[in-house]
Amino acid sequence: MFSFKFTNITIFSNRSYFQIYGCALNQGYTSCEQLIESVRQANVHNCAAADVEFAVAVYVHPYMNNILSVWISVSQLLRKRM
């Protein structure tokens with residue numbers, strides 16, 4: 001039904017090199033500000049590591065009567081120390 005396009009596939013084939021933390025949020029669309037606040041409350045962006053990377057994916061599913069269901073996936077990737 002929906003797909004995510006990843007630009008760096010090596011992340012998933014080399015999972016042993018990364019610690020991956022994140023969450024998926026689903027809610028109805030009311031405003032961009034409300035969606036941004038939901039992402040902030042998830043607190044995935046709060047990381048003090050210097051080498052952290054982030055990934056975001058968004059999917060919007062339309063329903064009748066101008067109703068939108070918004071899925072947001074937010075992740076942080078930390079390189080493991082070897």
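The values are calculated or read from the model by the stated rules, or taken from the named source; none is laboratory data. Just so it is clear, the model here is predicted, and its values are computed rather than measured. Using ideal geometry, Cβ is built from the backbone for each residue, glycine included, and neighbour counts are taken over all protein chains shown.
Quick notes on this one:
- Sole exception among (1) assigned to a helix (DSSP H, G or I); (2) touching a residue at least 12 places away in the same chain (Cβ under 8 Å) for Val58, by number: (1)
- Selection within the range 29-55 - part of a loop (DSSP other than H, G, I, E, B) and at pLDDT below 90: Asn43, Val44, His45, Asn46, Cys47, Ala48, Ala49, Ala50, Asp51, Val52
- Residue in the range 61-82 that is nearest to Ala24 (Cα to Cα), counting only those that are polar (S, T, N, Q) and part of a strand (DSSP E or B): Ser73
- Residue selected from the range 24-55 under the condition of a type in the set (Asp, Glu) and free of Cβ contacts under 8 Å to residues at least 12 places away in the same chain, by the criterion surrounded by the fewest Cβ atoms within 10 Å (Cβ to Cβ): Glu33
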